[in-house]
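Take a look at the structure below.
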Amino acid sequence: MESQYEYQVALSFAGEDRAYAEELSEILTAKNIRVFYDKYEKAQLWGKDLYQHLQKVYKDKAQYCVVFLSKHYAEKLWTKHELKQAQTRAFKESEEYILPIKIDSTEIPGINETTGYIDLRVDN
């Protein structure tokens with residue numbers, strides 16, 4: 001089934017958690033799933049206003065957004081920006097869009113405890 005979105009999945013993560021994002025991106029691309037993963041987009045990101053570009057990616061261009069939640073994620077400005085865009089989309093469409101993966105027990109504002117998630121501490 002052809003998606004209307006440029007990406008089927010956008011990955012949002014802190015740099016310290018890149019290994020998790022890298023592993024998932026490799027699994028997804030091996031299954032021919034179009035993934036927004038910054039490492040794959042270096043040439044396209046070169047010279048762009050990343051604030052505006054990432055706003056479009058996380059709000060408009062992906063079918064789903066996988067968010068790797070951790071203490072590092074909670075601390076970063078860029079991840080806060082990405083999550084805010086994803087939350088805007090999720091609120092507007094009122095459908096499952098944000099797919100959380102917990103790396104540790106850090107609570108992230110805007111991600112409710114009632115939201116289904118994968119927990120890497122126990123699901124590994």
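Side notes on the structure shown:
- A cut-off of 5 Å between modelled amide H atoms, ignoring neighbours fewer than 5 places along the same chain, links D119 with K102.
- For the pair the stretch 88-109 / the stretch 18-74, the C-alpha centres are spaced 15 Å from each other.
- For the stretch 1-103, the per residue solvent-accessible surface stands at 59 Å², with DNA, RNA and ligands left out and a 1.4 Å probe.
- When the C-alpha to C-alpha distance is required to be over 22 Å, the pairs from K31/K76; K48/K84; K39/K59; K31/K61; K31/K71; K48/K71 that qualify are K31/K76; K31/K71; K48/K71.
- Length added when fully stretched, E6-H53, from 0.36 nm per residue minus Cα-Cα: 15.6 nm
- Ellipticity estimate at 222 nm from DSSP helix runs (n ≥ 4, -39,500 (n - 2.57)) divided over the chain, nearest 500: -10500 deg cm²/dmol
- Among the protein heavy atoms of the chain, carbon and sulfur supply 51% of the accessible surface, probe 1.4 Å, non-protein parts ignored.
- P(r) weight above 17 Å for the chain, C-alpha pairs, percent: 55
- Each other residue within a Cβ distance under 12 Å of Y40 adds +1 if Lys or Arg and -1 if Asp or Glu, for a net charge of -1.
The values are calculated or read from the model by the stated rules, or taken from the named source; none is laboratory data. Because the structure is a prediction, the values reported are computed rather than measured. We place every Cβ from the backbone using ideal geometry, glycine too, and count neighbours over all the protein chains shown. These accessible areas exclude ligands, DNA and RNA; they are computed on the full protein's heavy atoms, side chains included. Shrake-Rupley method; radii C 1.70, N 1.55, O 1.52, S 1.80 Å.
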